[in-house]
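**Student:** Supplied in structure tokens, the structure appears directly below.
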Amino acid sequence: MDEKFLKPYSPSDTEKRIYELWEKSGFFNPDNLPDAKEREPFSMVLPPPNVTGTLHMGSALMLAIEDTIVRFKRMRGYRALWLPGTDSAAIATQARVEKNIQKTEKKNRHDLGRDELLKRIDTFVEQNKTTMLNQMRAMGASLDWSRYAYTMDDARYRSVMEAFMRMYEAGLIYRDYRIVNWDPKGQTTISDDEIVHEERKAKLYTFRYSKDFPIPVATTRPETKVGDVAVAVHPDDTRYQKYVGKEYDAVFCDVPIHIKIVSDKAVDPKFGTGAVGVTPAHSQTDWEIADRHDLPHDTIVINGYAKMTVSGRLEGKKVIEAREIVVDWLNNENLMEKEEDVSQNISTAERTGGIIEPLPKLQWWVDVDKQFVLSHSEIPGIASGDATTLKEIMRKSVESGATTFVTERYKRVYFNWIDNLRPWCISRQIWFGHRIPVWYKNDKMKVQVESPGTDWEQDPDVLDTWFSSGLWTFSTLGWPENTDDLATYHPTDLIETAYDIIFFWIARMILMSGFFIGQVPFKHIYIHGLVRDVKGRKISKSLGNNIDPVDMADKYGMDAVRLSLVMGTAPGTDSRISEDKIRGYKHFANKLWNITRFILERTKEITLAEKLNDADANIHREVSNLIQEVTDDIDKYRIHLASEKLYQFVWHRFADEILEESKPILMGDDKDARASRARLLRETLDIFLRLLHPFMPFVTEEIWQRIPDRSEKLLMIASWPSYHKE
RNA sequence: GGGCGCUUAGCUCAGUUGGUCAGAGCAACCCGUUUACACCGGGUAGGUCGGGGGUUCGAAUCCUCCAGCGCCCACCA
């Protein structure tokens, strides 16, 4: 017996060495697996972590689940590909770098210029990337590094440009002047789903524009009222019918305004006074009302820095200051009728926390409702050559079952989102990202990747990071080229990700994959929940409750960290992590270590029986049932149950009972019983190592490398145990 | 306003198509150090599975109502 077994299992002496053994074997690349060509493919892309920092427990959970599945599939004989990558996370990354520079050098991005800022970002990204890839290795992730992709690398750049061009040619990408979600803090537009609503207390003011104005209106944003062009009332509201169509002039806080009374069904007669001051340039709803009534849209009174642009006492004031000034003015003029406290949802930018200022801007959009002809379609319900829409692709892909949610309820969440989907704003006023391939000269515009000539100016904006992420399942496999990888591994079999990016990412991948290759991007969607701290709180920097997975692995071993994340964590539900939990699973790794020691020690001088006796055959059947259940569980992605069953059986059935009762047998006089039991124990150990390997790859491989009679050299590619159907 | 969930032992949660599903881990208490492991073993705890009603031969598991809690979406100014 290997002398190592005489001491407790030491993860820190083991993990790095074992990972190198795997990586050097070349079998992370499925094409190197024995008889690769005969194997059925299984593929999965890693949701690329943002290069903004280091891995957190959420990423660790994701890696643990995915690695467990891909190791299982590999052992089951699949040509298993797990494709690694990292994400540039445009806005988040640029914001981080800008902040650092602001702090250390007191410079903003304009002081540096576009080229210099991008250089700085590249340096930052390189550093983080190295750290993160090493962390993924530390997790034991059996990723095929030969296919590593980064959202901003050359191959992905080509895919993104190609995608933009094709969508533009199909008329799905267009440029439009309309209200956008402007983030004054990040100085960029963001899409609807990058908004986070925060409930805050606000005051609702009821006032009149002037003494002779007939209708009082209510607002939470008095400062925008200098941009009003109309008052809208509900068509059925009898109180105000007589005023509809009338026009009034007033000077509101030094600003001359012209107000027309219109009737529009978007107005709720029961809210406030039943009359809305219409501010087309600073409200989505109002912009649409203005559209319907042919009102002017160009009454911009707030700029991109959230400051007032009108002249008079409000000039240059921040919106918050302007609000107070307007309120004072209304009170002084006796125009204020009521002030009441209300709570309202305020829109903030997910990445920067800035309060969104709706502003009209000329931006690029993806039209999800426009019809186009999908020339090639493998999506059930849409035939090749059918006219369809992006929204329909998203709907049919899931409705038809071509792609399924492992946790059924997320299907309804997904449909709910599609139903509310509006045009997707894809241009961002930042510098880090894929620059929009559009060129301008005077009032001419060309859409192409290469510059049309020296006197043409490229659009300064870059694409929403989710635009390129949406291509991920196929851009990583070589699209737009017709590669073998694409033919072999797409659609991918599984996507595994957190529920907070179903809309950002899952839906966009379905959209993009459907449009560009007429396929679903993946057959199954496994959604995992958030990892919370021991008190159930979200893990965040400000709370300082982050537990670093690699730190924990240094203390307790990565197998323990992985088990603590996976055990009892049902798909789609949040879980809690604590150091105590991790410590507990370290004990399990050691238990397995000692089980091995016991078996090797106690059976080394016994010649194994040819055949199991009846008692041992019964135990073998028990083990066989376990194999069946565990296999079935993992096949159905119930890895939380599979791991618990294994833990339970190995420790409390096998070690506590079977090994205990084996002691007298192995030391007894019955030679046949001894031989039979020795064989049972050796075989069962072999089976356990295989079954446990996907969950705790390091300790199982380490043991495997040290047992004398193993049939296959590397546990990582050993075959999954078979079982007899009852 | 719309949607999705949660409520099971002190704590954290499992419970897959309704029938050994009333469970696990941790914590607690008692006992044990005969050589695999003290990173251990044995034992103990009695939770009417949030509440009411219903379907069923049978429900934690399906339906309905009620009470708490959470999340997501939404242009109520």
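**Student:** Over all distinct alpha-carbon pairs, what is the Kirkwood Rh of the range A:243-306 in angstrom? Show your work: numbers first, answer last.
**Tutor:** Values: mean 1/r = 0.0775 Å⁻¹.
Taking the inverse mean of 1/r over all distinct Cα pairs, the range A:243-306 comes out at 12.9 Å.
**Student:** Another question about this same structure. How fast does the range A:1-42 diffuse by Stokes-Einstein, in µm²/s, taking the Kirkwood radius from C-alpha pairs at 4 °C and 1.567 mPa s? Walk me through the numbers before you get to the answer.
**Tutor:** Working: Rh = 12.8 Å.
Result for D is 101 µm²/s.
**Student:** Give me the distance between the Cα centres of the range A:102-152 and the range A:15-75, rounded to whole Å.
**Tutor:** The distance from the Cα centre of the range A:102-152 to that of the range A:15-75 comes to 22 Å.
**Student:** Give me the compactness ratio for the range A:24-78, meaning the Cα radius of gyration over 2.2 N^0.38 Å.
**Tutor:** Values: Rg = 13.5 Å, N = 55, 2.2 N^0.38 = 10.1 Å.
Taking N as the residue count of the range A:24-78, the ratio is 1.34.
**Student:** Is the range A:46-134 rounded, prolate or oblate when judged by the Cα gyration tensor, a ≥ b ≥ c being the square roots of its eigenvalues, rounded requiring a/c under 1.5 and prolate requiring a/b larger than b/c?
**Tutor:** Numbers: a/c = 4.17, a/b = 3.01, b/c = 1.38.
It is prolate, given that a/c is not under 1.5 and a/b is the larger ratio.
**Student:** Another one. Rg and Dmax of the range A:657-726 over Cα atoms: what are they, in angstrom?
**Tutor:** Over the range A:657-726's Cα set, Rg and Dmax evaluate to 14.0, 39 Å.
**Student:** Bin width 10 Å, alpha-carbon pairs only: give the P(r) of the range A:625-697 as whole percents, running from 0 to the bin holding the largest distance.
**Tutor:** 19, 44, 25, 11, 1
**Student:** Let me ask another. When a footprinting reagent is the concern and you count Cβ atoms within 10 Å, what order do A:305, A:248, A:556 take, fewest first?
**Tutor:** Values: A:305 14, A:248 17, A:556 23.
Ascending number of Cβ neighbours within 10 Å: A:305, A:248, A:556.
**Student:** Let me know the shape class of the range A:138-263, please: from the alpha-carbon gyration tensor, a ≥ b ≥ c as square roots of the eigenvalues, rounded when a/c is under 1.5, otherwise prolate if a/b is greater than b/c, or oblate.
**Tutor:** Working: a/c = 3.47, a/b = 2.48, b/c = 1.40.
Cα axes put the range A:138-263 in the prolate bin.
**Student:** Also: Kindly flag which residue pairs out of A:203/A:538; A:391/A:523; A:318/A:361; A:246/A:317 have an alpha-carbon separation exceeding 26 Å in this structure.
**Tutor:** On the way: A:203/A:538 30 Å; A:391/A:523 19 Å; A:318/A:361 20 Å; A:246/A:317 32 Å.
Pairs exceeding the cut-off: A:203/A:538; A:246/A:317.
**Student:** While we're on this one: Once you keep just the Cα pairs under 8 angstrom separated by 6 or more residues, what percentage relative contact order results for chain A?
**Tutor:** Numbers: 1303 pairs, mean separation 118.2, N = 726.
Relative contact order of chain A: 16 percent.
**Student:** Continuing with the same structure: What Kirkwood hydrodynamic radius do you get for the range A:111-211 when you take the inverse of the mean 1/r over all pairs of distinct Cα atoms, in Å?
**Tutor:** Working: mean 1/r = 0.0516 Å⁻¹.
After inverting the pairwise mean of 1/r, the radius is 19.4 Å.
**Student:** Calculate the dipole size of chain A relative to its Cα centre from +1 charges on Lys and Arg beta carbons and -1 charges on Asp and Glu beta carbons; express the result in debye to the nearest 20.
**Tutor:** I would put it at about 920 debye.
**Student:** In addition: Using 0.36 nm per residue of separation minus the Cα-Cα distance, give me the extension gain between residue A:107 and residue A:383 in nm, one decimal.
**Tutor:** Working it through step by step, the gained length comes to 93.8 nm.
**Student:** Follow-up question, since we're still on this one. When you have a sec, figure out the Kirkwood radius of the range A:214-267 from all distinct Cα pair distances and drop it here in Å to one decimal?
**Tutor:** Values: mean 1/r = 0.0848 Å⁻¹.
Kirkwood radius, the range A:214-267: 11.8 Å.
**Student:** What value does the range A:262-342 have for Rg/Rh, both radii from Cα atoms and Rh as Kirkwood defines it?
**Tutor:** Working: Rg = 14.4 Å, Rh = 14.5 Å.
The Rg/Rh ratio comes out at 0.99.
**Student:** A follow-up question, please. For chain A, what is the calculated [θ] at 222 nm in deg cm²/dmol (nearest 500), taking -39500 (n - 2.57) for each run of four or more DSSP H residues and dividing by its residue count? Please report the intermediate quantities before stating the final value.
**Tutor:** On the way: 22 runs with 273 residues, N = 726.
So the helix-based figure for chain A works out to -12000 deg cm²/dmol.
**Student:** Of A:433, A:488, A:406, whose Cα points farthest to the positive end of the dipole of the range A:400-514 (charges on the beta-carbon: +1 Lys, Arg; -1 Asp, Glu; origin at the Cα centre)?
**Tutor:** A:406
**Student:** In whole angstrom, how long is each semi-axis of the equivalent ellipsoid of the range A:441-567, when you take the square root of 5 times every eigenvalue of its Cα gyration tensor and sort them from largest down?
**Tutor:** Numbers: eigenvalues 304, 102, 41 Å².
Equivalent ellipsoid semi-axes, largest first: 39, 23, 14 Å.
**Student:** What is the Cα coordinate range of chain A on the first, second and third principal axes, sorted by size from largest, in whole angstrom?
**Tutor:** 112, 56, 55 Å, listed from the longest principal axis down.
**Student:** Sticking with this structure for a sec: With angles folded into 0 to 90 degrees, how steeply does helix A:114-138 sit against the dominant principal axis of chain A? Use alpha carbons for both and round to 10.
**Tutor:** That works out to roughly 30 degrees.
**Student:** When the expected Rg is taken as 2.2 N^0.38 Å, what fraction or multiple of it is the alpha-carbon Rg of the range A:115-172? Before the final figure, lay out each step's value.
**Tutor:** Values: Rg = 15.8 Å, N = 58, 2.2 N^0.38 = 10.3 Å.
It is 1.53.
**Student:** Pull up all non-local amide H partners of residue A:210: gap of 5 or more, or a different chain, and H-to-H distance under 5 Å with H placed in the peptide plane.
**Tutor:** Answer set, sorted by chain and number: none.
**Student:** Find how many whole Å separate the alpha carbon centroid of the range A:280-319 from the alpha carbon centroid of the range A:409-446.
**Tutor:** The two parts, judged by their Cα centres, are 24 Å apart.
**Student:** Each label point is 7 Å from the Cα along the Cα-to-Cβ direction; what then is the distance between the points at residue A:294 and residue A:663, in nm?
**Tutor:** Result for the modelled spin labels: 9.7 nm.
**Student:** Still on this structure, I have one more. Using the eigenvalues of the Cα gyration tensor, what equivalent ellipsoid semi-axes result for the range A:622-666 when each is taken as the square root of five times the eigenvalue, whole Å, largest first? List each step's numbers first, then the result.
**Tutor:** Details: eigenvalues 131, 21, 4 Å².
One finds semi-axes of 26, 10, 4 Å for the range A:622-666.
**Student:** What lysines could a cross-link reach from residue A:645, if we take a straight Cα to Cα line under 23 Å and drop same-chain neighbours fewer than 8 places away?
**Tutor:** A:73, A:581, A:586, A:591, A:636, A:725
Just so you know, all these numbers are worked out from the coordinates, no wet-lab data involved. On a predicted model such as this, the values are computed, not experimentally measured, just so you know. For neighbour counting, all protein chains shown are included, and Cβ atoms are generated from backbone atoms with ideal geometry for every residue, glycine included.
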